[in-house]
Structure formats: C-alpha cells, structure tokens
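Scroll down for the structure; my scribbles are underneath it.
The values are calculated or read from the model by the stated rules, or taken from the named source; none is laboratory data. Given the structure is predicted, the values throughout are model-derived calculations rather than measurements. Glycine gets a Cβ as well: all are built from the backbone with ideal geometry, and neighbour counts include every protein chain shown. Side chains included, ligands, DNA and RNA excluded: accessible areas come from the protein's heavy atoms. Shrake-Rupley method; radii C 1.70, N 1.55, O 1.52, S 1.80 Å.
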Amino acid sequence: MSIRFILKLVSISVMVFLLAACTLFGGDSSKKKDDAKKDTESKAQSTKGKESIINQELKKQYEMYNEIIQHKMEQDQKLIKQSEERYKKLKEESEKPSDTKKDGGTSKKNTSTSDGDGSDSSGDQGDNADQSKSK
C-alpha cells in the first residue's frame, strides 16, 4: 500500500505542477498578447499624432524653402533682364557717337553711370542730364 500511496502522491503533485505551469504560462499569455496589442495601438495612435505635427511642420518648412528658391530665381531673372537692357543701351549709345562722328565730325562722349538699383526711368533721366552737361 505504501507504493500506491506514493504513486498517488506523485501523480497529484504532478497534476498540481501542471496546473500551476499552465496558469502561469498559458493563461497569462493571451492576456499579455491583448495587453501588448493595446499598448502598441495606443503607442501607434500617440505617435501618429506626433508624426502628423512633425509632418505638418516639415511641409511648412518645405513650402517656405520652395518660395525662397522661387523668389531667388525671379530676382535672378530680373537681374538678367536688367543687365541685358543695360547692355543694349550701352551698345546703342556706343553706336550713336560713332554715327555722329561720321555725320557731323564732332563727337559727344556720354559718361553715364548706372546706379545698380535697376530702375529704368532713372537711367533715362541720367542720360538726359549727362547730355545737357556735355552741351
């Protein structure tokens, strides 16, 4: 009888051990999975909000950057047009004195300087003032 008693005791202790192991590792794993899913979802939602704020700021900065580049390109184009106009005016002015040399024999030197401000009307006024000074 003692062997049967020992076998019963061992089998009961094994059953208790299995139940304890199942509750520790098996039962909590589904709860842990659910908790882990909830945690990842809450983290994802919180980071989505943060990312959207960050993305909004980045978009604003990108738009500002594009506007600055566009403004620089416009300024460069204006500068190129102004320099072309100045070149044409200087070329016309250099041709005019050579024509007056051939026609009248007297040469008028035009010493016009540009301000560099790019205003066309001030350049015309400066030409008129220089011509009146040279007379």
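Some observations on this one:
- Filter pass, GLU57 being out of contact with any Pro (no Cβ under 6 Å at 6 or more places or on another chain), at pLDDT 75 or above and not basic (Lys, Arg): yes
- From the list SER98, SER83, the one residue that fits, being open to solvent by less than 90 Å² (accessible area, probe 1.4 Å) and either at pLDDT 85 or above or outside any helix (DSSP H, G or I) (or both), is SER83.
- Listed by first and then second residue, the pairs with beta-carbon distance under 8 Å, at least 6 apart or on different chains, first residue in segment 62-81 and among the polar types (S, T, N, Q), second surrounded by 10 or more Cβ atoms within 10 Å (Cβ to Cβ), form an empty list.
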